[in-house]
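Trainee: Attaching a single structure in structure tokens format; questions to follow.
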Amino acid sequence: MSDNEVIKKQVIKLATEIIELDLKRDEKFEELTVLAGNHAYEILRRVQNG
């Protein structure tokens, strides 16, 4: 397997992982929205910013 093929596989793997994380984030944010209602975004930002 050439270096280019290895790099291509790594790139595809990383892109797939990013997509999976993005979907998981959406799922978790939806859960937060159910619990916190309209305040979910504000709560997320406050926790994120410390």
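Trainee: Suppose we filter region 14-32 for residues that are under 12 Å from Leu44 (Cβ atoms) and basic (Lys, Arg); how many remain?
Mentor: Summing the residues that are under 12 Å from Leu44 (Cβ atoms) and basic (Lys, Arg) in region 14-32 gives 2.
Trainee: Under 6 Å between Cβ atoms, at least 6 apart or on separate chains: pull out the pairs that start in region 9-36 with a residue that is assigned to a helix (DSSP H, G or I) and surrounded by 10 or more Cβ atoms within 10 Å (Cβ to Cβ) and end on any residue that is modelled with pLDDT of 95 or more and small (Gly, Ala, Ser).
Mentor: Close Cβ pairs (under 6 Å, with a partner that is modelled with pLDDT of 95 or more and small (Gly, Ala, Ser)) amount to Leu32/Ala40; Thr33/Ala40.
Trainee: Turning to a different aspect of this structure: Which is at pLDDT below 95 and of a type outside the set (A, V, I, L, M, F, W, C), of Asp3, Asp22?
Mentor: Asp3
Trainee: Looking only at region 37-50, count how many residues are of a type in the set (Val, Ile, Thr) and surrounded by 10 or more Cβ atoms within 10 Å (Cβ to Cβ).
Mentor: The total comes to 1.
The values are calculated or read from the model by the stated rules, or taken from the named source; none is laboratory data. Computed from a predicted structure; not experimentally measured. A quick note on method: Cβ atoms are made from the backbone with ideal geometry, for glycine too, and the neighbour counts reach across all protein chains shown.
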